[in-house]
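Read-outs: derived from the displayed coordinates by stated rules, not from any lab. From a predicted model like this one, the values you see are computed outputs, not experimental measurements. Reconstructed Cβ throughout: ideal geometry from the backbone, glycine too, with neighbour counts over all protein chains shown.
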Amino acid sequence: MVHCDGLVLLSTNTKAYVFNPATRDAIALPESKRNALSLHDTCLPIGLGMDASTGRYKVARAFYRPSDDDPMRMAAMGMEVFTIGGEDGSWREILEDPPYLMASFWQAAAHCKGCLFYFIDKKNHQNPPQGLIRFNLQDETFGITPLIPDLLPQVEDDDIALSELDGELCACFFSKWLQRLMIFTTGHILDRSDDAHWRCRYVIDLPECHPMALHGSGGILMRLGHCLFRYDLGAHGIQGKDDFHWMDRLKYVGLRCRGRAWKNLCFFNLISYTESLVPLNAKASSQALQ
């Protein structure tokens with residue numbers, strides 16, 4: 001689940017939805033038959049962002065092309081784009097293919113400065129670059145944004161989280177060996193140099209956690225499992241019990257109920273969200289969200 005300017009993209013292994021919590025508008029994106037490989041336990045690489053040249057929001061999703069030799073082998077990928085509020089209301093395949101296979105796992109693509117960033121599927125490539133696949137939403141072309149080279153100890157892609165933090169592309173590296181979180185940011189997303197001017201913003205010695213937002217008072221909002229907490233950057237730690245908030249203790253207040261606990265839920269997701277009135281065109285989908 002990812003957010004861009006008040007719109008939220010929710011993807012499953014079979015469908016994709018876009019909704020605006022502020023206006024309660026929602027659309028189910030139409031189905032596409034381009035994908036040739038069935039994924040039962042994960043989602044296709046997908047992302048949401050804005051094309052600044054048109055002011056339109058786009059959903060970009062990769063798909064697997066069929067292999068002539070083995071229908072179950074991952075040979076190549078294509079990319080399809082859905083423009084929210086577009087006239088045709090359907091997915092369209094772009095001309096250029098991704099330069100490498102994209103990894104399909106829990107993270108959706110990160111959006112920053114009009115580009116989407118995807119992980120490379122390193123298990124199906126020999127000597128892949130240490131970088132991210134960058135998709136420009138304006139001209140719909142691909143590039144590679146290098147990640148930090150020679151990072152020690154080495155961190156697997158599963159332990160790297162991408163997001164936008166303070167207007168820059170943020171990469172969080174968690175070292176299981178050191179139990180340390182290293183937070184890097186860069187504003188030079190189109191730079192082709194080896195380091196792309198990544199700079200280390202914070203080093204936090206904590207179990208695996210993820211930064212959510214910066215506080216102007218010298219703190220950073222972090223997530224650890226079901227827990228939200230404020231980490232004091234000046235004191236290099238957590239100050240008090242009031243800085244902790246447990247998401248599994250929240251109650252949902254609906255239209256017909258006073259509030260109920262989240263019983264029987266085993267998964268929580270949390271994203272940064274900015275309320276807006278960005279409209280969703282109902283004509284964009286032939287499937288109404290019930």
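Using the alpha carbon gyration tensor of the stretch 1-69, what are the three equivalent-ellipsoid semi-axes (square root of 5 times each eigenvalue), largest first, in whole Å?
26, 14, 9
Got a sec? How would D88, D248 order by Cβ neighbour count within 10 Å, fewest to most?
Final ranking by Cβ density, sparse to dense: D88, D248.
Apply the Karplus parameterisation 6.51 cos²θ - 1.76 cosθ + 1.60, with θ equal to phi minus 60°, to every residue of the stretch 107-120 and state each ³J(HN,Hα) to the nearest whole Hz, in sequence, with x for glycine and proline.
7, 7, 5, 7, 10, 7, 6, x, 10, 10, 10, 10, 7, 7
How far apart, in nm, are the 7 Å Cα→Cβ label points at E275 and E208?
A separation of 3.4 nm, rounded to one decimal place.
Cut-off is 10 Å between beta-carbons; in what order do D243, D158 appear when sorted fewest neighbours first?
Ranked by crowding around the Cβ, least crowded first: D158, D243.
Using only Cα atoms, what is the ratio of the radius of gyration of the stretch 2-165 to 2.2 N^0.38 Å?
1.03
Tell me the trypsin sites (Lys or Arg not before Pro) within the stretch 163-193 that lie in a loop according to DSSP and have at most 14 other beta-carbon atoms within 10 Å.
Values: sites: K176, R180, R192; in loops: K176, R192.
Sites meeting the loop and neighbour criteria: K176, R192.
Could you list S104, S67 so that the one with the fewest beta carbons within 10 Å of its beta carbon is first and the one with the most is last? Working shown, then result.
Values: S104 22, S67 14.
If I rank by nearby Cβ atoms, fewest first, I get S67, S104.
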